[in-house]
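Asks: Sharing a structure, written as structure tokens. Questions coming.
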Amino acid sequence: MLDDNRRTFLKLAGSAGAMGITGLAGCTGSGNGSKDTTTKNTGDSSGDSGGETTTNETTTQSPKEIGMVYALGGLGDKSFNDMANQGIKKAKKDFGIDFSNGQPSGPSDFSTYQRRFAQSKNPNYDLICCIGFAQASALKKTSKSFPNQDFMIVDSVIDADNVASYVFKEQEGSFQVGYLAGLLTTMDYSEGAGSTNGDKVVGFVGGKKVPLIEKFQAGYMAGVKHADSDIEVLSTYANSWSDPAKGKEIALSMYDKGADIVYHAAGGTGIGVFKAAQQRGRYAIGVDSDQSKSAPKYSDVILASMVKRTDSAVYRSVKNVDDGDYKGGSTVALGLEKNGVEAVIGQDFDGKIPDAVTKKLETSRQAIVDGKLDVPTKPANV
């Protein structure tokens, strides 16, 4: 629980003296070290792309107010949470909404932040966005306690009239990057800061072993085996979303066992995978956002990323509220067909993946969209 002094929303209005999201993401409180990250955003002076500016406007209609409760790991993960943040920032730019960020430090904080936003009267939140499957248990209770409050959740389905659910077919995008990894590990390939080593071995690093992340693993393994059934796939879970050192340790071990390419679905832990790839002169595959751009210092080893459009889910939900068309009680599933997930080649490798490989990737993508190729949601060895 956060103490009473840390329950206050900080209204950051005007350009003078306003702190941006990025600056607040790293704030820590005294004593227990938990983060003071419930902040009101009416502008963005953090200096990153998107470039919202704050102006003093006179208007007869107040903007919609959105509360954002992020997944563990918080902003700055260059992955899942940052992707959701891009969505709300784009919604602010397009619709003129205001938003507040809440960054839980532990699972018990999910309910605290959800209820804090729901109880608020100044501002009165039009929508509360709950980012991540881990919030589902808390939200089931919160949504019942506040039946007149509208919510949305990413990565889980809650059967309630005041919750809009958004889920993704992560296995489909993971199949695509797995197929890419499988095709390249069987080739003599050297671009960027890495190269393949002649062994038919690839790796997967998960954050925590939960059904959602097993979908990433299952799709990836299926894609690899679609390229060549003899390829060995090394798989390990770090049991953390925010431990780059652990991610690096695991990936180094995989590279030392012959892996050419390691795919991570581990949030901030995955940054360690990129560090290991550079250290060993091998390759990595990012997740959630195009990590060759969100983590550009590692772009020379990030072959591709399995982009999961969490930003689209947030943006869609806010647009619906802004349009007066909130879709409570509905579930939206986003896969390859709706570009909810996609394999995106890293910026340093654009045009440098062999044509024979990219053509096979397009063929497999279309086969999945057409229903001719089924992708499993659980790993074959589980």
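Bear in mind that the values in this text are calculations on the coordinates, not laboratory data. Because the structure is predicted, anything quoted here is derived from the model rather than measured. Positions of Cβ are backbone-derived with ideal geometry, glycine not excepted, and every protein chain shown enters the neighbour counts.
Asks: Please list 3J(HN,Hα) in residue order for region 140-156, calculated via the Karplus relation 6.51 cos²θ - 1.76 cosθ + 1.60 where θ = phi - 60°; whole Hz, with x for glycine and proline.
Replies: 4, 6, 5, 5, 6, 6, 10, x, 9, 9, 8, 10, 9, 9, 9, 6, 7
Asks: Sticking with this structure for a sec: Could you line up R282, R316 from fewest to most neighbouring Cβ atoms inside 10 Å?
Replies: Lowest to highest Cβ neighbour count: R316, R282.
Asks: Let me check against my output: what whole-number percent is the relative contact order of region 222-361, with C-alpha pairs under 8 Å and at least 6 apart?
Replies: Over region 222-361, the number comes to 17 percent.
Asks: Quick one: S305, S145, fewest Cβ neighbours within 10 Å first, how do they rank? Before the final figure, lay out the partial values.
Replies: Details: S305 28, S145 12.
Ordered from fewest to most neighbouring Cβ atoms within 10 Å, S305, S145 come out as S145, S305.
Asks: Tell me, what ³J(HN,Hα) does each residue in region 189-195 have, in order and in whole Hz, if you take phi through Karplus 6.51 cos²θ - 1.76 cosθ + 1.60 with θ = phi - 60° and put x for Gly and Pro?
Replies: 10, 8, 8, x, 9, x, 6
Asks: Might you report the magnitude of the Cβ-based charge dipole of region 55-184 about its Cα centre, with Lys and Arg at +1 and Asp and Glu at -1, to the nearest 20 debye? Could you put the intermediate results ahead of the total?
Replies: Values: 13 positive and 14 negative charges, 50 e Å.
Computed charge dipole of region 55-184: roughly 240 debye.
Asks: Note down the relative contact order for region 125-180 as a percent, whole number, built from C-alpha pairs under 8 angstrom at least six residues apart. The partial results should precede the final answer.
Replies: On the way: 70 pairs, mean separation 16.8, N = 56.
About 30 percent, as a whole number.
Asks: I would also like to ask the following. Sequence gap at least 6, Cα distance under 8 Å: using those rules, report the relative contact order of region 176-219 to the nearest whole percent.
Replies: Relative CO of region 176-219 lands at 32 percent.
Asks: Given H placed on each backbone N at 1.01 Å, which residues far from V287 in sequence or on other chains put an amide H within less than 5 Å of it?
Replies: Correct list: M306.
Asks: Just need the Rg to Rh number for region 129-279, please, alpha carbons only, Kirkwood Rh.
Replies: My calculation of the ratio gives 1.09.
Asks: What does the convex hull of the alpha-carbon atoms of region 198-339 project to on average, in nm²?
Replies: 9.7 nm²
Asks: While we're here: Sequence gap of 8 or more, or different chains, plus Cα separation below 24 Å: how many lysine pairs satisfy both in region 311-382?
Replies: 11
Asks: Moving on. Work out from phi, with θ = phi - 60° and the Karplus expression 6.51 cos²θ - 1.76 cosθ + 1.60, the ³J(HN,Hα) of each residue of region 340-357, listed in order in whole Hz, and give x for Gly and Pro.
Replies: Once θ is set to phi - 60°, the couplings for region 340-357 become x, 9, 6, 8, 10, 5, x, 4, 7, 10, 4, x, 10, 8, x, 4, 4, 6 Hz.
Asks: Using modelled amide H (1.01 Å from N, peptide plane; none on Pro or chain starts), what sits under 5 Å from the amide H of G203, excluding residues fewer than 5 places away?
Replies: L234, I261, V262, Y263
Asks: Name the residues of region 78-92 whose amide N is less than 19 Å from a point 7 angstrom out from the Cα of S62 along the C-beta direction?
Replies: 92, by backbone N distance to the label point.
Asks: Note the direction-averaged projected area, equal to a quarter of the hull surface, for the Cα convex hull of region 59-180, in nm².
Replies: Seen from a random direction, the Cα hull of region 59-180 projects 8.9 nm² on average.
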